[in-house]
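The values are calculated or read from the model by the stated rules, or taken from the named source; none is laboratory data. Keep in mind the model is a prediction, meaning the values are calculated, not measured. When we count neighbours, we look across all protein chains shown, and the Cβ atoms used for this are built from the backbone with ideal geometry, even at glycine.
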Amino acid sequence: MKHKSLEYIKYIKEQDCLICFKAFVDPDHLKAIGMGGNRKKPSLKHYTCVPLCRLHHRERHDLGIERFEKKHNINLWKECLLLLVKYQEI
């Protein structure tokens, strides 16, 4: 069965940044695809994306998930789940 993970990436790109609420986000994979991984190929890891603007995406990678979440008082995995539930309701 073909999953629609690439459509989900498009949905994430339509959302605002979870931190500053700006448009034009990068899908930030909480479950890393890995160096050289093909992000244009369907993958279940795409469902672990959250929308972060370029600044916050970079900061999340620099700080790591735990420090980033503490700094911004956010649970990225919880937000990921809420986005996935919202997507399923469309």
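Test residue 89 against the criterion of being free of Cβ contacts under 8 Å to residues at least 60 places away in the same chain and either surrounded by fewer than 13 Cβ atoms within 10 Å (Cβ to Cβ) or of a type in the set (Gly, Ala, Ser) (or both), and give yes or no.
On the way: free of Cβ contacts under 8 Å to residues at least 60 places away in the same chain: yes; either surrounded by fewer than 13 Cβ atoms within 10 Å (Cβ to Cβ) or of a type in the set (Gly, Ala, Ser) (or both): yes.
In short, yes.
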(message) Among the residues of segment 1-30, what is the count of those that are surrounded by 13 or more Cβ atoms within 10 Å (Cβ to Cβ), in contact with a Leu (Cβ under 9 Å, 6 or more places away or on another chain) and at pLDDT 90 or above?
(response) 13
(request) Would you please list the contacts, defined by Cβ atoms under 8 Å and residues six or more apart or on different chains, that run from a residue in segment 62-85 that is among the acidic types (Asp, Glu) to a residue that is part of a helix (DSSP H, G or I)? (result) 69/76
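It is to be established whether one or more residues within segment 51-67 are surrounded by 16 or more Cβ atoms within 10 Å (Cβ to Cβ) and either polar (S, T, N, Q) or in a strand (DSSP E or B) (or both).
Restricting attention to segment 51-67, the residues satisfying the condition of being surrounded by 16 or more Cβ atoms within 10 Å (Cβ to Cβ) are 51-53, 56-57, 59-60.
If we keep only those that are either polar (S, T, N, Q) or in a strand (DSSP E or B) (or both) as well, we get 51-52.
Looking for residues that are surrounded by 16 or more Cβ atoms within 10 Å (Cβ to Cβ) and either polar (S, T, N, Q) or in a strand (DSSP E or B) (or both), one finds at least one in segment 51-67, hence yes.
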(message) Here are the criteria: (1) out of contact with any strand residue (DSSP E or B) (no Cβ under 8 Å at 6 or more places or on another chain); (2) of a type in the set (D, E, K, R); (3) closer than 16 Å to residue 14 by Cβ. Tell me which single one residue 70 does not satisfy.
(response) (3)
